[in-house]
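I have placed the structure first, in the form of structure tokens, so that the comments after it can refer back to it.
The values are calculated or read from the model by the stated rules, or taken from the named source; none is laboratory data. If you're wondering where the values come from, they're calculated on a predicted model, not measured in any experiment. A quick note on method: Cβ atoms are made from the backbone with ideal geometry, for glycine too, and the neighbour counts reach across all protein chains shown.
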Amino acid sequence: MDWYYAEAGRQVGPIDDAAFRRLAAEGTIREETLVWQAGMSAWLPYRDLNVPTRNCALPESVLPAGRLKYAGFWIRFGAAAIDGIIEYVILLMVGGLAFGIAGVDFNNLPAMMFAEGALLLVQLLLGFAFEVWFIGKLGATPGKLVCGLTVVGSDGTKLSYQRAMARYGAKLISSIPFFIGYLMVAFDIEKRALHDRICDTRVIRK
């Protein structure tokens, strides 16, 4: 459905949803800019499009960015780095304990290869349990909690454990190849990585 907006005392439009989102992202349409489309009883400031009294149904992608404060690439990178350090320390503790109990001979190549394979499996299981439990329970991993971030659905609701599991699986897809799926955060209007698109999730600032 076409949109209209006011600029310097004149009406601009009609423009389609894609153009409307682009102008809002670029800052041409600002929080105070008056906007209108068929079905609205009056022109409204862009920031007020999500008020309950609106008379038209607006898609999530057209709502003002102020409704959900999306977390950008670098703060998400910092949160992931913190999580990585925590998981690495846990893995070292678990691996060291397991190697000690098993009495692994570091001069025996087959034994070492088996131990490294087992450690890789433990790493995957640890990452899965770490991510799913924290996001399902608290809505965020320790790194995200430190950075003031949380993972939600597109409607702002907390994720279930099942959805957290699906998101972890989708993160493996984002890693192939060369973590390109993660780099999408830097170019997406809603700061979504590939796994966020797949599972319809958002990482937001609290």
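Structural remarks
- When the range 134-152 is limited to residues that are of a type in the set (Gly, Ala, Ser) and assigned to a helix (DSSP H, G or I), the one that is surrounded by the most Cβ atoms within 10 Å (Cβ to Cβ) turns out to be 143.
- Count - residues of the range 137-172 that are more than 21 Å from residue 82 (Cα to Cα) and out of contact with any Lys or Arg (no Cβ under 9 Å at 6 or more places or on another chain): 7
- Top-ranked residue of the range 147-161 - restricted to ones that are among the β-branched types (Val, Ile, Thr) and either touching a residue at least 40 places away in the same chain (Cβ under 8 Å) or in contact with a strand residue (DSSP E or B) (Cβ under 9 Å, 6 or more places away or on another chain) (or both), ranked as farthest from residue 195 (Cα to Cα): 150
- For the range 1-48, filtering for residues that are part of a loop (DSSP other than H, G, I, E, B) and over 20 Å from residue 69 (Cβ atoms) leaves 13.
- Only helices (runs of 4 or more DSSP H) whose full extent lies in the range 153-204 are considered here, and none of them has at least 2 residues that are more than 28 Å from residue 18 (Cα to Cα), under 10 Å from the mean Cα position of the chain (by Cα) and not assigned by TED's automatic domain parsing to the domain that holds residue 83.
- Residue check, residue 192 touching an Asp or Glu at 6+ places or on another chain (Cβ under 7 Å), surrounded by 17 or more Cβ atoms within 10 Å (Cβ to Cβ) and among the basic types (Lys, Arg): no
- Verdict on residue 94 being modelled with pLDDT of 95 or more, assigned by TED's automatic domain parsing to the domain that holds residue 184 and surrounded by fewer than 17 Cβ atoms within 10 Å (Cβ to Cβ): no
- Positions within the range 49-76 being at pLDDT 75 or above, surrounded by fewer than 16 Cβ atoms within 10 Å (Cβ to Cβ) and assigned to a helix (DSSP H, G or I), in sequence order: 74
- The criterion of being modelled with pLDDT of 70 or more, exposed (fewer than 12 other Cβ atoms within 10 Å of the Cβ) and outside any loop (DSSP other than H, G, I, E, B) holds for residue 121.
- Restricting attention to the range 186-206, the residues that are under 15 Å from residue 68 (Cα atoms) and of a type in the set (A, V, I, L, M) total 3.
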